[in-house]
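Have a look at the structure below before the remarks.
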Amino acid sequence: VKSDGGNQTGKFGHSYGYGFLHEDINNSGDGGIYAELIQNRAFQYSRAFPVSTAHYFPINGASLSINNGTEPLSKALPASMKVSVGNSSVGKIGFENEGYWGIDVRTHKYTGSFWVKGAYTGVFTASLQSNLTDDIFGSIEIESKCADSEWVEHTFELTPEKDAPNSNNTFAITFDPKGTQSGSLDFNLISLFPPTYKDRKNGLRVDIAEALAEMNPHFLRFPGGNMLEGLENDTYWDWKNTLGPLKERPGFQGVWGYQQTNGLGMMEYLEWAEDMDLQIVIGVWAGLALNGDVTPKDDLQPFIDDALNEIEFIRGSVDTEWGAKRAALGHPEPFELNYVEIGNEDWLAGFPEGWNSYKEYRFIMFHDAIKAKYPEIQIIGSSATSDPAPEGATTGPNLTEGIKYPADAIGDYHPYREPDELVAEFDRFDNDIGHIIGEVAATHVNGATPPRWDGPLYKYPWWIGAVGEAVSLIGYERNSDRIPGTFYAPVLKNENRFQWPITLIQFTADAKQTTRAVTWYCWSLFAHHPISHTLPTTSNSSYGPVYWGAGKDEARNGALVWKGAVYNTTDNASVPITVQFDGVQAGAKAQLTYLTNSVGDPYAYNDPRTGIQIVDTTTKELTAGANGAFEFSLPQLSVAVLDTEAA
Ligand code: AHR
């Protein structure tokens with residue numbers, strides 16, 4: 001490895017970034033990292049997902065029904081739940097909510113609220129209780145503040161006296177119907193939060209956020225992904241619907257098979273980035289939807305203005321219109337925003353009309369407007385120079401031709417591949433314009449019959465997939481003078497309902513069952529050894545089975561870093577490796593860390609159901625020999641980092 005010179009990574013002075021795309025897929029937002037425990041808390045609905053009392057169950061024979069009355073809680077939340085005395089009601093009545101496939105109950109403080117309409121004199125009882133036994137882990141009485149024909153919010157704190165043995169629990173609210181005028185009350189926005197990551201109100205689930213933060217990520221791309229695009233043109237993810245009090249958020253017709261709450265909104269994403277010190281890439285809606293809807297050129301200006309407002313909301317001073325709105329929501333300091341992406345995978349949206357419009361005018365209209373106001377922002381197009389990828393292409397040379405971006409723009413590449421394919425693409429970016437790798441994952445096992453998307457993704461991230469992915473990560477990082485970062489997707493997966501099985505972190509309602517997939521370990525290893533500059537390398541052997549790249553990190557006094565992966569699916573012999581950095585003297589020390597698979601089966605995975613973990617981490621201190629070289633060997637299918645002090 002020759003350490004003379006070296007190119008700076010990116011252009012914003014941050015290290016090469018390992019990060020992730022977050023959109024709400026796999027209940028990774030609602031029922032995932034967004035810490036709200038009540039499912040269907042505000043009876044939100046859309047064309048695709050009708051309103052219902054799903055996830056609520058009556059207590060003591062109460063009758064539960066949807067009320068679409070003339071006096072809703074807000075314009076955004078037009079439906080509520082009427083709780084009435086049913087035919088068989090006796091004593092106190094009410095409802096329980098089953099949460100997102102259960103509720104984790106611990107002896108920490110839960111913060112709750114609910115809105116009620118209807119006269120009531122008496123108390124409400126809120127409890128966390130077992131769904132299997134008569135156990136009530138904690139409950140609290142809340143004095144009614146109700147008034148007739150008026151929505152009144154009730155808030156409470158609840159600290160259970162004991163932990164529940166499992167997450168098969170519910171949250172209940174009961175009241176005495178004798179204290180009401182009509183035998184019924186209307187409820188809406190029933191909310192319960194456990195303690196959140198960094199104690200944010202309306203914040204993130206601690207165990208999931210900590211597992212992500214421990215990976216040492218540098219980048220958050222949001223809000224998609226398909227979620228940004230929406231199913232139809234009038235149902236895209238509109239950032240303005242996600243701001244302010246929860247009762248002003250209408251919810252979102254999710255694109256992954258479920259209604260979303262909008263609880264994890266723009267401010268929550270920005271605070272997430274702030275709390276984990278992440279650079280952000282926001283995707284702005286480009287007027288193309290998943291069903292092929294295309295917003296025509298003449299109707300595009302309002303959406304370009306909207307993108308400019310969104311940028312101003314994020315990074316404008318308090319003296320700007322949208323910066324002032326952000327300040328009013330509690331964050332006068334602008335957030336850092338250096339990267340804006342126009343749309344998502346637009347060679348797939350509205351093909352061919354939408355894609356052609358993207359190439360002909362759409363991208364450039366957004367690009368020019370944003371650049372005119374924010375010349376320093378890095379604009380990202382939603383396709384790679386090689387898109388449409390062969391599987392995405394339909395027919396016709398003019399339709400499959402890639403986009404030509406202006407010189408100041410970069411592309412976005414999304415390789416969801418077999419591990420062999422990821423390895424074969426090791427040099428994919430050696431001679432290309434800049435890109436982010438906005439989504440990448442090994443998704444299918446080697447030899448999947450094309451077209452691979454007709455078949456299932458592998459059931460969990462598996463070892464050989466993770467190593468193939470690591471090879472591609474090295475390929476991207478060694479081009480990081482043009483590639484600012486690499487993003488895993490989809491990053492989180494609720495084991496109870498998911499659309500894509502591969503992920504970094506898998507979880508259920510029970511925080512004890514949150515596990516890191518094998519991929520997490522590889523990404524974490526690389527992310528914990530960032531580089532600020534790539535270094536040119538020479539070698540007496542060609543790439544394969546060892547793939548490598550090198551860099552230095554000015555933030556750590558010029559620490560020198562070699563990253564490598566050994567990918568050979570037929571040979572088990574370890575591979576001897578010698579790494580020499582220019583200027584490093586005999587006797588210098590380096591730390592070698594490598595990951596292997598403890599069970600030998602290349603298809604093995606970390607199993608959240610059994611708790612079996614298969615990744616072994618080995619750490620060794622190495623001393624440079626007479627010529628300043630570090631000698632070691634790496635097992636087959638291993639992923640490694642060698643990190644040493646500056647020469
Ligand atoms: O990560 C899952 C999906 O894959 C994303 O929403 C989309 O951008 C890609 O096709």
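Observations
- Number of the condition not met by G438 [criteria: (1) modelled with pLDDT under 95; (2) surrounded by 24 or more Cβ atoms within 10 Å (Cβ to Cβ); (3) within 16 Å of the ligand (Cβ to nearest atom)]: (1)
- Sole residue being buried (at least 24 other Cβ atoms within 10 Å of the Cβ) and more than 32 Å from the chain's Cα centre (by Cα), chosen from V1, V83: V83
- Long-range neighbours under 6 Å by Cβ, at least six apart or interchain, first residue under 16 Å from A35 (Cα atoms) within the stretch 257-275, second assigned to a helix (DSSP H, G or I) and of a type in the set (D, E, K, R): D275/K198
- Among residues of the stretch 594-628 being crowded, with 16+ Cβ neighbours inside 10 Å and over 30 Å from T508 (Cβ atoms), the one that is modelled with the lowest pLDDT is G628.
This table checks each residue for (1) surrounded by fewer than 21 Cβ atoms within 10 Å (Cβ to Cβ); (2) in contact (Cβ under 8 Å) with a residue 24 or more places away in the chain; (3) under 22 Å from the mean Cα position of the chain (by Cα).
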{"residue": "D432", "(1), (2), (3)": "yes, yes, no"}
{"residue": "A442", "(1), (2), (3)": "no, yes, yes"}
{"residue": "V445", "(1), (2), (3)": "yes, yes, no"}
{"residue": "G455", "(1), (2), (3)": "yes, no, no"}
{"residue": "E477", "(1), (2), (3)": "no, yes, yes"}
{"residue": "K493", "(1), (2), (3)": "no, yes, yes"}
{"residue": "W500", "(1), (2), (3)": "yes, yes, yes"}
{"residue": "L504", "(1), (2), (3)": "no, yes, yes"}
{"residue": "A511", "(1), (2), (3)": "yes, yes, yes"}
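- Matching residues in the stretch 58-88 - criterion: being among the aliphatic types (A, V, I, L, M), assigned to a loop (DSSP other than H, G, I, E, B), in contact with a Ser or Thr (Cβ under 7 Å, 6 or more places away or on another chain) and over 17 Å from T174 (Cβ atoms): L73
- For the stretch 213-265, the set of residues classified as within 16 Å of the ligand (Cβ to nearest atom), among the hydrophobic types (A, V, I, L, M, F, W, C) and under 30 Å from K512 (Cβ atoms) consists of F219, L220, F222, M227, W256, L264, listed by residue number.
- When the stretch 489-502 is filtered for residues that are within 14 Å of Y460 (Cβ to Cβ) and within 10 Å of the ligand (Cβ to nearest atom), the ones remaining, listed by number, are P490, W500, I502.
- Taken over the stretch 572-589, the criterion of being in contact with a strand residue (DSSP E or B) (Cβ under 6 Å, 6 or more places away or on another chain), closer than 14 Å to L622 by Cα and touching a residue at least 60 places away in the same chain (Cβ under 8 Å) is satisfied by V579, Q580, F581.
- Residue within the stretch 476-488 that is touching a strand residue (DSSP E or B) at 6+ places or on another chain (Cβ under 6 Å) and farther than 19 Å from W523 by Cα present: yes
- Elements of type strands (runs of 3 or more DSSP E) in the stretch 111-161, at least 1 residues being charged (D, E, K, R): 136-143, 151-158
- Test: residue in the stretch 317-330 that is under 25 Å from G203 (Cα atoms), buried (at least 20 other Cβ atoms within 10 Å of the Cβ) and within 16 Å of the ligand (Cβ to nearest atom): no
- T538 meets the conditions (1) in contact with a Ser or Thr (Cβ under 9 Å, 6 or more places away or on another chain); (2) more than 16 Å from the ligand (Cβ to nearest atom); (3) farther than 15 Å from A565 by Cβ in every case but one. The failed one is (1).
- Contacts under 6 angstrom Cβ, first residue in the stretch 416-427 being buried (at least 18 other Cβ atoms within 10 Å of the Cβ), partner among the basic types (K, R), 6 or more apart: none
- Under the condition of being assigned to a strand (DSSP E or B) and not small (G, A, S), the residues counted in the stretch 480-502 number 6.
- Residue count for the stretch 38-54 under the criterion of being of a type outside the set (G, A, S) and touching a Lys or Arg at 6+ places or on another chain (Cβ under 9 Å): the result is 1.
- Selection count where residues are within 14 Å of the ligand (Cβ to nearest atom) and in a loop (DSSP other than H, G, I, E, B), scope the stretch 7-26: 5
- Evaluation of G91 against (1) of a type in the set (G, A, S); (2) assigned to a loop (DSSP other than H, G, I, E, B); (3) closer than 20 Å to F175 by Cα; (4) within 36 Å of the chain's Cα centre (by Cα) (one fails), failing number: (4)
The values are calculated or read from the model by the stated rules, or taken from the named source; none is laboratory data. Since this is a predicted model, take the numbers as computed values, not measurements. Cβ sites come from the backbone with ideal geometry, for glycine too, and all protein chains shown count toward neighbours.
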